[in-house]
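One structure is given below, represented as structure tokens, and several questions about it will come after.
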Ligand code: DAT
Ligand code: MG
């Protein structure tokens, strides 16, 4: 089953959006299979955002993502990578649809609340950076038959 890496960034935590965000993914029908609450080390953040190395916002992005606790998660389910990106919205919150997380709760690109993997390759890469196999729990849920036909 498909998996994606989702992180509630320091602004999302400070803004008390942890419960709201987790509830949206739960209510959609996706399964939380891994979660940790951490202040990321700069080395970890740099690995996560290595595709942006050299860009003007890169150092500031690392400063921000390492500035406080974040909620790192793996969510599992059919189509979860693309659907999570829809649920999250566009990179710039002001360009995000209302109803999406960034569209509903954010204004600035540097305070856009949440991260989500953008492809199968990045999902696999990011999950591998943040979690070991033993930290991911693919359990059976009695709700599975009510979510999937
Ligand atoms: P996304 O998080 O939607 O995948 P991205 O991968 O292009 O967006 O960029 C990663 C993060 O970097 C993004 O969530 C916020 C920050 N960022 C991107 N573009 C930026 C810009 N032009 N100015 C400031 N921060 C930016
Ligand atoms: Mg990205």
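Does residue 127 qualify as being within 12 Å of the chain's Cα centre (by Cα), at pLDDT 95 or above and more than 13 Å from ligand 1 (Cβ to nearest atom)?
For residue 127, the condition - within 12 Å of the chain's Cα centre (by Cα), at pLDDT 95 or above and more than 13 Å from ligand 1 (Cβ to nearest atom) - is met.
If you scan segment 86-103, which residues turn out to be free of Cβ contacts under 8 Å to residues at least 12 places away in the same chain and either closer than 19 Å to residue 26 by Cα or touching a strand residue (DSSP E or B) at 6+ places or on another chain (Cβ under 6 Å) (or both)? Talk me through it step by step, then tell me what you get.
Going residue by residue through segment 86-103, those that are free of Cβ contacts under 8 Å to residues at least 12 places away in the same chain are 95-99.
Selection gives 99 alone.
Going by the conditions given, is residue 58 touching a helix residue (DSSP H, G or I) at 6+ places or on another chain (Cβ under 6 Å), modelled with pLDDT of 95 or more and surrounded by fewer than 17 Cβ atoms within 10 Å (Cβ to Cβ)?
Numbers: touching a helix residue (DSSP H, G or I) at 6+ places or on another chain (Cβ under 6 Å): yes; modelled with pLDDT of 95 or more: yes; surrounded by fewer than 17 Cβ atoms within 10 Å (Cβ to Cβ): yes.
Yes: the conditions hold for residue 58.
Failed condition for residue 22, given (1) outside any helix (DSSP H, G or I); (2) under 14 Å from the mean Cα position of the chain (by Cα); (3) surrounded by 13 or more Cβ atoms within 10 Å (Cβ to Cβ), with all others met?
Against the list (1) outside any helix (DSSP H, G or I); (2) under 14 Å from the mean Cα position of the chain (by Cα); (3) surrounded by 13 or more Cβ atoms within 10 Å (Cβ to Cβ), residue 22 comes up short only on (1).
When you go through 46, 7 one by one, which is the residue that is surrounded by 15 or more Cβ atoms within 10 Å (Cβ to Cβ) and without any contact (Cβ under 8 Å) to a residue 40 or more places away in the chain?
On inspection, the qualifying residue turns out to be 46.
How many residues does segment 25-43 hold that are farther than 18 Å from residue 89 by Cα, in contact (Cβ under 8 Å) with a residue 24 or more places away in the chain and surrounded by fewer than 21 Cβ atoms within 10 Å (Cβ to Cβ)?
Number of matching residues: 10.
Mind telling me which of the residues 96, 122, 100 ends up being within 12 Å of ligand 2 (Cβ to nearest atom) and surrounded by 13 or more Cβ atoms within 10 Å (Cβ to Cβ)?
Working: 96 fails: within 12 Å of ligand 2 (Cβ to nearest atom); 100 fails: within 12 Å of ligand 2 (Cβ to nearest atom).
Just one listed residue meets the conditions, 122.
The values are calculated or read from the model by the stated rules, or taken from the named source; none is laboratory data. Quick caveat: nothing in here was measured; it's all calculated off a predicted structure. With ideal geometry, Cβ positions are generated from the backbone for all residues, glycine too; neighbour counts draw on all protein chains shown.
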